[in-house]
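The values are calculated or read from the model by the stated rules, or taken from the named source; none is laboratory data. Please read these numbers as outputs of a predicted model, since none were measured by experiment. Every residue, glycine among them, receives a Cβ derived from its backbone with ideal geometry; neighbour counts consider all protein chains shown.
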Amino acid sequence: MNRVPMTVEGAEALKVELTELKQDARPKVIEAIAEAREHGDLKENAEYHAAREQQGFIEGRIQEIEGKLGNAQIIDVKSMPNNGKVVFGSTVTIVNIDTDEEVTYQVVGEDEADLKLNKISVTSPIARALIGKNEGDEVSVNAPGGVVEYEIEKVEYI
């Protein structure tokens with residue numbers, strides 16, 4: 001199977017969710033199913049069907065998380081020497097050459113990406129253009145509005 005890159009923080013978040021699902025959500029839904037069964041006829045018991053549906057969702061999510069963690073290649077960028085090169089997990093400050101607009105992104109795995117938190121997927125056009133480049137390099141990004149030129153101002157391994 002293909003190994004999927006993931007930051008240490010991303011793996012920890014999945015482990016926390018997995019623990020919560022197994023130790024909290026799963027027992028609660030099992031209890032809800034047992035309680036709904038006590039109400040009698042299961043064919044017309046909406047509480048029972050809702051609890052079973054919720055159980056299916058929880059079990060599916062548990063399997064999904066376990067699969068992701070099983071295929072994860074956890075990369076701790078903090079333990080690497082910073083040589084100014086953009087790599088997976090690094091935090092990059094770039095400046096739009098045309099507008100002088102500055103923005104900082106962290107390059108993360110697909111499941112961790114959240115633009116509101118300035119975390120971009122390693123497969124995104126910006127990240128693909130940045131990976132392997134160094135501080136001071138200029139990069140061209142094929143954006144939906146056309147090609148955008150950026151200069152890499154700072155690369156941090158934090």
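For this structure, a couple of remarks:
- In this structure, residue 29 does not satisfy being β-branched (Val, Ile, Thr), surrounded by 14 or more Cβ atoms within 10 Å (Cβ to Cβ) and either touching a strand residue (DSSP E or B) at 6+ places or on another chain (Cβ under 7 Å) or under 18 Å from residue 113 (Cβ atoms) (or both).
Yes or no, residue by residue, for (1) without any contact (Cβ under 8 Å) to a residue 12 or more places away in the chain; (2) surrounded by 17 or more Cβ atoms within 10 Å (Cβ to Cβ); (3) under 23 Å from residue 12 (Cβ atoms); (4) polar (S, T, N, Q):
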{"position": "75", "(1), (2), (3), (4)": "no, yes, yes, no"}
{"position": "82", "(1), (2), (3), (4)": "no, no, yes, yes"}
{"position": "102", "(1), (2), (3), (4)": "no, no, no, no"}
{"position": "108", "(1), (2), (3), (4)": "no, yes, yes, no"}
{"position": "116", "(1), (2), (3), (4)": "yes, no, yes, no"}
{"position": "129", "(1), (2), (3), (4)": "no, yes, no, no"}
{"position": "136", "(1), (2), (3), (4)": "no, no, no, no"}
{"position": "139", "(1), (2), (3), (4)": "no, yes, no, no"}
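- Residue that is nearest to residue 79 (Cα to Cα), among those in segment 1-20 that are β-branched (Val, Ile, Thr) and assigned to a helix (DSSP H, G or I): 8
Residue-wise test of (1) over 19 Å from residue 122 (Cβ atoms); (2) of a type outside the set (S, T, N, Q); (3) in a helix (DSSP H, G or I).
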position	(1), (2), (3)
22	yes, yes, yes
32	yes, yes, yes
41	yes, yes, no
53	yes, yes, yes
57	yes, yes, yes
63	yes, no, yes
89	no, yes, no
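- Unique residue being within 25 Å of the chain's Cα centre (by Cα) and in the same structural domain as residue 23 (by TED's automatic domain parsing) when the list is 52, 128, 61: 61
- Cβ separations smaller than 8 Å between residues 6+ apart or across chains give the following pairs from segment 50-71 residues that are under 27 Å from residue 3 (Cβ atoms) to residues that are surrounded by 12 or more Cβ atoms within 10 Å (Cβ to Cβ) and of a type in the set (Gly, Ala, Ser): 58/25; 69/11.
- Of the residues making up segment 141-157, those that are in contact with an Asp or Glu (Cβ under 9 Å, 6 or more places away or on another chain) and either surrounded by fewer than 18 Cβ atoms within 10 Å (Cβ to Cβ) or of a type in the set (A, V, I, L, M) (or both) number 8.
- Matching residues in segment 5-38 - criterion: being more than 18 Å from residue 61 (Cβ to Cβ), modelled with pLDDT of 95 or more and of a type in the set (A, V, I, L, M, F, W, C): 8
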